[in-house]
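A quick write-up on the structure given underneath.
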Amino acid sequence: MSEKQELADILVTSGVITVDQKEKATRLAVASRCSFSEAVVKLGFATDDGLARAISKQRGIPYASRENKILRVEKGQNLEKIISEAYAREHCVLPLFLDESVLAVAMPNPDDMMLLDNLKLLTSGLEIQPFVASRAQILKAIDDFYQGGGTFIEKSMAAGGGMAGGVEEVVEMEDAGGGRVDLDQAIQGAQGADVISLVNAILKQAITERVSDIHVESYDERVMLRFRIDGVLYERPAPLKKDFLGVISRIKILSKLDIAERRLPQDGTFSIKVQNRNIDLRVSICPTVYGEKVVMRILDKGAVELNIDKIGFEPRQKQDFLEGASLPHGLLFLTGPTGSGKTTTLYSVLSTIVTPELNFMTIEDPVEIKLEGINQVQVRANIGLTFAAALRSFLRQDPDVILVGEVRDQETAQTCLRAALTGHLVLSTLHTNDALSAVVRLIDLGIERFLLSSSLAVVAAQRLVRKLCPHCKKPHQPDPKDVEMCIRESLLNPSPDPNKIAFFEPRGCDKCAHTGFLGRTAIYEVYRVIPEMREIIYKHGGDLARLREAAVRAGMWNLRASGWRKVIAGLTAFEDIQSVTIDE
């Protein structure tokens, strides 16, 4: 058995990827002439950390990470003189400690015999003991070891705007079309090296802290910089007031926006390459009374794991959604507010059902992750390429499955319906407060009730909730009334014993930056449209009370019930579910 096959089998048996994902990654590895592990990450089936753990298990090589405190350099051994910073960055290796004639080195691929031999020569014959770690964590540890502590932003500001700890070596800008942007020559006069360094430092610090959105805003006396982490905004050291206009202009140039226009909102995109990862940023600029406000959404493809088993579905919900997605034709709608993870869910579903025997086509605004085996189209409204226009073209492209990024108007809704009625499966999103309100919204957009009742297959909704940090969460004694409500509204069958339920609350530690939360998961309500619900839609339209009663009788449940199940499982906090769901 080859090493590639062994790694693939380890990933499958450990639950990192599925058998179907293994086959897709193998095909991509052969077609792209890359390693199997690279193909898995490119397709979004696993993260770097997941692969590192699997390789560790497969090879019996120690796993190093910041969490287990192995990925840190032993002080006082002059290891920076044994392996230089330039070599460490180029080959993504980190010296950990020296024990007599044995040098421990962290690397993402401990099977790279050429690298091991070169390290032995470089270190004058030392025996190399490899430790496996993710590429992103190694590069972060290299920053900490070779350049000292402190955030990149603080170091940039302390240096008077000078280069922030080698940021320019790691951050490489490119425009949305893939054309390279020279950071040193992008703008002259209005911006200098100080501003370039400061913007680089903000971006790098945000990526290091797993930020989803960066907010830069000006007030009368100061500038505010805030990072959204796991759905909550945290303030960070901000640029000086005198640098604010330069920072805004820098971001506009990278996003190909009009620097001179300060009265109207503008939207743009650009891409960066940091720590060997391609990351897209979606930029929105809005004029306020104190100047322009910038919000940059970070779309980190390498951090997104498109595994339907790991995004938060309960087993029954996953079954209902996949059964709907396996139909030869019909409509599937996923609802929720902006930023609730709808696109990730739909991508995960597509990654599960994609097959060479079917023609998959998507129209999105924007295309957030490029998927193998799926034809993806970017909306370009300025040239007439709208959702509706692309959909009309799709129907002449012999599609089997169509994904529409969002239904916003009557024309798009009716085109989706026509596609579903003529033998295509259509997946899309709507902005409604809950899943069943999608029925009301579609009827409001002009869809006839008798057509909707016959074509609608699944309506679902989702929200994101913070996950309690597994390293520091602590049990607490809740109010018995809260426990009783949680059990009653979870609709679990059989109901759990109240005396055996442990509620947890956040505490805070170094691993979660003392917030008590680490990452987010989704909660869902998934309603498979059964015959009784079809009859209600046909006869009564959007009668939400009747639809909910029919769904509950069929064993389905709402968002709040899904949230209480996460609380009972110890994944999230009671207060978080109360804040993102309502009592129906």
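The values are calculated or read from the model by the stated rules, or taken from the named source; none is laboratory data. This one's a predicted model, so the numbers in the text were calculated from it and none came from an experiment. Quick reminder, even Gly has a Cβ in these numbers, built from the backbone with ideal geometry, and neighbours come from all protein chains shown. Please note that ligands, DNA and RNA were not included when accessible areas were found on the heavy atoms of the full protein model with its side chains. Shrake-Rupley method; radii C 1.70, N 1.55, O 1.52, S 1.80 Å.
Remarks
- For R59, the requirement of being open to solvent by 60 Å² or more (accessible area, probe 1.4 Å), in contact with a Phe, Trp or Tyr (Cβ under 7 Å, 6 or more places away or on another chain) and charged (D, E, K, R) is not met.
- Hey, R507 surrounded by fewer than 22 Cβ atoms within 10 Å (Cβ to Cβ) and at pLDDT 90 or above or not: no
- For the stretch 564-584, a tally of residues being among the small types (G, A, S), open to solvent by 10 Å² or more (accessible area, probe 1.4 Å) and in a loop (DSSP other than H, G, I, E, B) returns 1.
- Filtered residues of the stretch 81-104 (kept if open to solvent by 10 Å² or more (accessible area, probe 1.4 Å) and touching a residue at least 60 places away in the same chain (Cβ under 8 Å)): E85, R89
- Taking each residue of the stretch 549-561 that is outside any helix (DSSP H, G or I) and looking for partners that are open to solvent by less than 20 Å² (accessible area, probe 1.4 Å) with beta-carbon atoms closer than 6 Å, six or more apart or interchain, yields M556/Y527; N558/E525.
- Any hit, the stretch 225-235, residues being outside any strand (DSSP E or B), open to solvent by less than 40 Å² (accessible area, probe 1.4 Å) and either modelled with pLDDT of 85 or more or closer than 29 Å to V41 by Cα (or both): yes
- Candidate set: the stretch 365-379, residues that are β-branched (V, I, T) and over 16 Å from the mean Cα position of the chain (by Cα); chosen: the one most open to solvent (accessible area, probe 1.4 Å): V377
- Considering the stretch 272-294, the residues that are of a type outside the set (S, T, N, Q) and within 18 Å of L43 (Cα to Cα) include one that is least open to solvent (accessible area, probe 1.4 Å), namely I279.
- Residue ID - farthest from Q205 (Cα to Cα), chosen from residues in the stretch 259-287 that are at pLDDT 85 or above and of a type in the set (D, E): D267
- Residue match in the stretch 295-304 (condition: closer than 17 Å to V465 by Cα and either open to solvent by less than 20 Å² (accessible area, probe 1.4 Å) or touching a residue at least 60 places away in the same chain (Cβ under 8 Å) (or both)): yes
- The stretch 64-104, residues that are in contact with a Pro (Cβ under 8 Å, 6 or more places away or on another chain), within 18 Å of N276 (Cβ to Cβ) and not in a loop (DSSP other than H, G, I, E, B): A88
- Selection status of K511, over 30 Å from the mean Cα position of the chain (by Cα) and not in a strand (DSSP E or B): no
- Sole residue being open to solvent by less than 50 Å² (accessible area, probe 1.4 Å), among the polar types (S, T, N, Q) and in contact (Cβ under 8 Å) with a residue 24 or more places away in the chain, chosen from T362, T355, T422: T362
- Test result for V458, assigned to a helix (DSSP H, G or I) and either open to solvent by less than 50 Å² (accessible area, probe 1.4 Å) or small (G, A, S) (or both): no
- For the stretch 321-345, a residue qualifies if it is open to solvent by 10 Å² or more (accessible area, probe 1.4 Å) and of a type outside the set (S, T, Y), and the qualifying residues are L322, E323, L327, P328, H329, P337, G339, G341, K342.
- Residues being over 22 Å from L559 (Cα atoms) and either touching a strand residue (DSSP E or B) at 6+ places or on another chain (Cβ under 6 Å) or basic (K, R) (or both) - total across the stretch 525-543: 1
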